[in-house]
Amino acid sequence: MADSSRKTLQESIVKSSSFLAGRILDGIDRDIYEKTRMFQKYSRDLILREALSGSNREFGRLADIQAYMDEKDKEWTSAPVKEATPFMRGISSNALSDELREKMEFHGERYGFNLFPSVVVTNRYGAVVSMTEKSRRYRQDDNEWWRETKENGLYFGDVRRDEDTGANVMDIGIRVNDAKGGFTGVIKAALNIETVNGTLKALEAEKDVVLPRSMHLKLTTRDGRLIYSTRDFKFLEDASGLLREFMSEAGEHTPYFLRKAYEPGEGQELSVHVHSKGHKDYKGLGWVMFVDYETAEIFSPVAELRDRILAFSIIVAAASALIAFVISRSLSRPIERLRDVAVEFGRGGMDIRFEAASKDEIGVLANTFNRMAQERKRMDDELKKSEERFRSLVETTSDWVWEVDGKGVYTYTSPKVRDLLGYEPEDILGK
């Protein structure tokens, strides 16, 4: 019964945990989608469009656009990381950059942290037009994210560490079109994943209230690099072994896994995992949410039930043994008494009787024995009377008269014998 209860509880926990992990990931995906929508709306900003239109016209007048971009990119990358050339400062302080910086500061005040540590805008050729923080390169058209954004309209990069700002971010690329739908440039915003962690931290704060204390959460990238954990962890450390635990021999993912506990001596953990599915235009990055429980806590109701059943079984067994003992004594004592009475009866005690007030089988047996003893006594009394008559008869044989004739032997008793027998036999010895 305990094993069945444990299995039922485990299945229930797996289902509820899968649902919980799915809801968390859905919330994260929705949040990333909403942040993306923010920049998609901004891509129609008038200042942004005018800045891109002017930059594209200037580049269109260049004799050799690629040579110009290569030259500026070489000058850009040769400058020290912490320093900015006049050309860089001109870009970072133009009207568009100032507007972007102002908007990002507004969001930072709203969320309590720098939501977008860096934003870069390029023209249709891939050259940087504006930036809130210094970009590592001037030319961006040879980057995969830029080409994918231009091609598909959206780009979502996996999490990374931004060495310039010190924030953990994921890049979002948004294509910018003019009023007629023509391609004019690209916006790349580095989204601070603290917004993702905030959702998980809020859930963790409620853990002791509505969730098991032993529950632990982990969020990893598609290939198993840690993004977040309720335990101590290093950002983007390899945790791909977690994914391999859920692989069956057939190469398929199993919904849950039982493993040794994270800390030595803590027994086992039940681990459930769910993959993100994205939301609308955001197709998701295949992030994986793990929900772990210490089995000692989640199965404690089963253990308590098992202990209660065991205690109840012991009580029932003890009570049954006591009842059996009482019943045995109540049955054995009359039987032992009946045995003693039978032995005494067999030794000649004709007046002995077995007293039994009960109406059960013992009572029936006692009444039967008493009737047998009474009948035996009656027969014994009659036998004694017959012996006395026979003895008296023998003593009176001297009064008999014998007569013999030719036909046989006839004997006639004296009046004394006749009175003793109660009748007058005509032939005692037979013909």
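The values are calculated or read from the model by the stated rules, or taken from the named source; none is laboratory data. If you're wondering where the values come from, they're calculated on a predicted model, not measured in any experiment. Don't worry about glycine lacking a Cβ; one is built from the backbone with ideal geometry, like all the others, and counts go over all protein chains shown. When the accessible area is computed, the model is the full protein with side chains, heavy atoms only, and any ligands, DNA or RNA have been set aside. Shrake-Rupley method; radii C 1.70, N 1.55, O 1.52, S 1.80 Å.
Data table
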read-out	value
Residue, modelled with the highest pLDDT, within the range 3-21, restricted to residues that are open to solvent by 30 Å² or more (accessible area, probe 1.4 Å) and of a type outside the set (S, T, N, Q)	F19
Residues that are under 54 Å from the mean Cα position of the chain (by Cα), among the small types (G, A, S) and within 23 Å of D178 (Cα to Cα), drawn from the range 87-135	S97, G126, S130
Residue in the range 213-227 that is surrounded by fewer than 18 Cβ atoms within 10 Å (Cβ to Cβ) and modelled with pLDDT under 65 present	yes
Matching residues, the range 106-159, being open to solvent by less than 20 Å² (accessible area, probe 1.4 Å), among the aromatic types (F, W, Y) and closer than 27 Å to G284 by Cβ	F116, W146
In the range 166-203, the residues that are in a loop (DSSP other than H, G, I, E, B) and either on the phi > 0 side of the Ramachandran plot or buried (at least 17 other Cβ atoms within 10 Å of the Cβ) (or both)	G166, A167, G181, I193
Within the range 146-165, tally of residues that are in a strand (DSSP E or B) and of a type in the set (D, E, K, R)	3
Residue that is nearest to T165 (Cα to Cα) [pool: residues in the range 72-108 that are of a type in the set (G, A, S), part of a helix (DSSP H, G or I) and in contact (Cβ under 8 Å) with a residue 40 or more places away in the chain]	S92
Qualifying residues in the range 38-72 (those that are among the aliphatic types (A, V, I, L, M) and open to solvent by 40 Å² or more (accessible area, probe 1.4 Å)) - the one farthest from L154 (Cα to Cα)	A63
